[in-house]
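Below is one structure; the comments refer to it alone.
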Amino acid sequence: MDEFFQQLINALVLGGIYALIAVGYTMVYGIIQLINFAHGEVFMLGAYFAFTLVTAFHLPFWAAVPISMILCAGFGLLMDYVAYRPIRNAPRLSALITAIGVSIALQNIARIIWGAKPRPFPSDSLPSFMRQLGQNETPEIYFSLLGIEFTQANISFSENVSIAYLDFFIILLAIILMVALNRLVTLTKIGKAMRACAQSRIAANLMGINTNRVIAVTFAIGSFLGAIAGVMVGVREYIEPTMGYYKGVAAFAAAVLGGIGNITGAMFGGLLIGFAEVFGAGYIPYGYGSGYRIAIAYIVMIIVILIRPTGLFGKSTGHRA
Amino acid sequence: MRKWLIGLLLIPIVFVLGCDSGNQVRVAVAGPFTGNAAAFGEMIKRGAELKAKEINEAGGINGRQLKLLFGDDTGTEKEAKAVATRFATDRRVLAVVGHFNSTCSIAGKPIYKENGIVELSPGSTNVDVCQGSDWTFRNLYRDDFQGAFIAKYIKTYLTEYKTVGVIFENDDYGRGLRDGFLAEAEKIDLSVVADTAYDRDTTDYTAQLTNIKAENPDMLLISGLYGQAGLIAKQARNLGITAPFFGADGIDSPEFIIIAEDAANGTYLSTPFTFRAGGDEAANVAKAFEAEFGVPPDTWAALTYDAMGMIAEAIEKTYNSDAPLAENRKAIRDHLAGLDTPEEGYTGITGLTYFDKNGDTVNKPAYVKIVKDGEFTMAENQLLDSE
């Protein structure tokens, strides 16, 4: 049973990361029906920006993360302005090809600037609670609450079920950002404009909404969220030029699974892909099975799409954008 | 007017062809210069460059300058096939040093065989790499030897570790090494309590590691490359797995320690060569390497240095500038195939290399290193009486 709860935590963390990235895909798609393949690269750049700020400019981690997010939001604006706005009214295929081109270009630019080798965040630059343990360190227990121990290294529910502070933080962050985004889209004026654009860009324009501005804001928000996911993955794993590609493909699958264009769908899609991957790898008998965890996640996606072609939260339910 | 234009266009072509027949010989180097084995690729490139530089400074091969061409296979099967096709059909290339990843060497093998050009790998250890082709060679041991070696080492010297868990990358290298280890473990009664795979495109291994933790092994064998292995080490510690790690030559890169950080400490690994075990000549090469590139060479730089030396020697002994390309390529193969006894073998900085009838090297020992305080050091106990 311990094992099951630990896997549940593993799945939540991975799902949260996917959800944060998937939102970026789905928001842009909801408004301009463009699959922005370069979103995975924005995620990668978010990690590299924070890494560079910490290592080359010696900024503290807490300052580097927001700066990196703002840089990425700006980068999202730039990407829209340079690559997508000029072909806004061209056939959708042109925009799709452009997106793939931007993705490949950014990957290679990152490779030229930062090199092909994977780079971890230097652990001495991280806040102490994100630090990992060495081999024979026994974590010191800070305090315990209702049988849950808060130790130096993690939050430990029982001997074999624990969650690292970083992972806990990722889940928390995913929830907070998702709720905030949901509020933004439903309650604010710009959110209303985004929903209007999602329904019909032409009609929204006729009503006096500056659609180009709305689209730009959408890119900025998506990139902002992608960047924080990038930093979190960079700290948890490592940073490399192709990291956006692999995580991006999985997140895109999550967006499709949830019903592309739908934010709630992207959140649940992300979680479902995370669960499929972790439980697929965890409960398939030992040996080769767990090597195919990504395939398992995609099989789940295909099954859902076959049953519900519009995804879990297809267009009829909920709102787009 | 038209004829004049065509004539003008022909000039550069004639010029390019003219260069080829000049006094150069070309050897290709194929390796993972980008991708997730890029740290190895970099060392392979530098090892080859250093040897070529030394040869050229000493007057070249029979007065001809040795020119290297590099092909990036990114460590993937698809790119390896493209690189192999490019080199095998290049009318200027005499032989290929490469590939590194076993998957790549195997992918290139039929292409090299069909076009009749030597593939000499300085890094592929999967059992099947040299099988079924007279054109593929390697100058290091195979994974059935390495896997068995690791099992024997644990059984002989690490007796406090009774049970072992295995996590392996699902590619030719990771699987082959794991198979070799499991076979020997069964023979010598070493208990394997967990055995699970991972895919190199994923970077989250918590699901697999949670399963392994449930079996509570005393030691964890990571059969894969340094990048993923580094992450596995880190994530295992975060999940509370305290067992030490054992890796193989795939994690023999400083990058492993950079990625795993504190989690790397206490990790054992087997490797086909280490400069600490090399002689004076190896020490001199290490010094020259560091002077040239600013970093010390690793195992793969040394093996590539020797592979390049073997090819250069083969060219020196057999090259005939009047003969057609196919004949020159075949002469190199025949020369390498002739190095089949210890007396005939090639002595380089990594020791004596000679081939069996497959093109495998079976005489080289394995060394064990251990990570202490963020550095690789030789393990106290070595198990050198191979076989």
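Once Rh for chain A is found with the Kirkwood sum over Cα pairs, what is the Stokes-Einstein diffusion coefficient at 37 °C and 0.692 mPa s, in µm²/s?
On the way: Rh = 20.4 Å.
In µm²/s, the coefficient is 161.
Estimated from the Cβ-Cβ distance and a Förster radius of 30 angstrom, the FRET efficiency linking A:Phe150 and B:Glu375 is about 0.30.
The calculated 222 nm mean residue ellipticity attributable to helices in chain A amounts to -22000 deg cm²/dmol, summing -39500 (n - 2.57) over DSSP H runs of n ≥ 4 and dividing by all residues. Across the cross-link table entries B:Lys45/B:Lys364; B:Lys152/B:Lys357; B:Lys152/B:Lys234; A:Lys117/B:Lys330; B:Lys53/B:Lys78, which are compared at the Cα atoms, the separations over 29 Å belong to A:Lys117/B:Lys330; B:Lys53/B:Lys78. Shown here is the pair-distance distribution of the protein assembly as shown: with all Cα-Cα distances grouped in 20 Å bins from zero up to the longest one, the shares run 17, 45, 31, 8, 0 percent.
With a Förster radius of 41 Å applied to the beta-carbon distance between A:Asp2 and A:Asn108, the computed FRET efficiency rounds to 0.35. Principal axis analysis of the Cα atoms in segment A:94-239 yields extents of 65, 44, 23 Å, listed in decreasing size.
Rounded, prolate or oblate, given the Cα gyration tensor of segment A:188-321, with a/c below 1.5 counting as rounded? Provide the component values of the computation, followed by the final result.
Numbers: a/c = 3.41, a/b = 1.69, b/c = 2.02.
Judged from the Cα gyration tensor, segment A:188-321 comes out oblate (a/c at least 1.5, b/c at or above a/b).
Taking the three principal axes of the alpha carbon atoms in segment B:231-387, the coordinate ranges are 65, 37, 30 Å, sorted in descending order. Counting only other chain Cβ atoms within 10 Å of each residue's Cβ, the peptide B:188-196 averages 2. Start at zero, step by 5 Å, and the Cα-Cα distances of segment A:163-222 spread as 4, 18, 21, 19, 12, 9, 7, 5, 3, 1, 0 percent across the bins.
How large is log10 I(q)/I(0) at q = 0.16, 0.17 Å⁻¹ when the Debye formula is applied to the Cα atoms of segment B:102-252, each weighted equally and without solvent? The Debye formula, applied to the Cα set alone, gives -0.83, -0.92.
One quarter of the surface of the convex hull around the alpha-carbon atoms of segment A:1-102 equals 8.8 nm², the direction-averaged projected area. Using a/c under 1.5 as the rounded threshold, could you call segment B:341-383 rounded, prolate or oblate? The axes a ≥ b ≥ c are square roots of the C-alpha gyration tensor eigenvalues, and prolate needs a/b larger than b/c, oblate otherwise. It is prolate, given that a/c is not under 1.5 and a/b is the larger ratio. The ellipsoid that matches the Cα gyration tensor of segment A:20-171 has semi-axes, each √(5λ) in whole angstrom, of 39, 19, 13, with the longest given first.
Give me the Å³ per residue figure for the convex hull around the C-alpha atoms of chain B.
Values: hull volume 57.7 nm³, N = 387.
Taking only Cα atoms, chain B has a hull volume of 149 Å³ per residue.
The mean count of C-beta atoms from other chains within 10 Å of the C-beta of residues in A:114-126, rounded to a whole number, is 5.
For segment A:62-135, treating each Cα as an identical point scatterer without solvent, what Debye log10 I(q)/I(0) comes out at q = 0.17, 0.18 1/Å? Summing over Cα pairs of segment A:62-135 leads to -0.86, -0.91.
Per-residue Cβ counts within 10 Å, from other chains only, averaged over B:234-242: what number is that? Walk me through the numbers on the way to the answer.
On the way: counts 7, 5, 1, 7, 10, 9, 11, 1, 6.
The mean count of partner-chain Cβ atoms within 10 Å per residue comes to 6.
Reducing segment B:54-99 and segment B:171-232 to their Cα centroids gives an inter-centroid distance of 34 Å.
All distinct Cα pairs of segment B:318-363 go into the 1/r average, and the inverse of that average, the Kirkwood radius, is 11.6 Å.
How much of the calculated P(r) for segment B:42-122 lies past 20 Å, in percent of all Cα pairs? List each step's numbers first, then the result.
Numbers: 1095 of 3240 pairs.
For segment B:42-122, the fraction of Cα-Cα distances above 20 Å is 34 percent.
FYI, it's all coordinate maths here, none of it is from the lab. Just so you know, these numbers come straight off a predicted model, no measurement behind them. We place every Cβ from the backbone using ideal geometry, glycine too, and count neighbours over all the protein chains shown.
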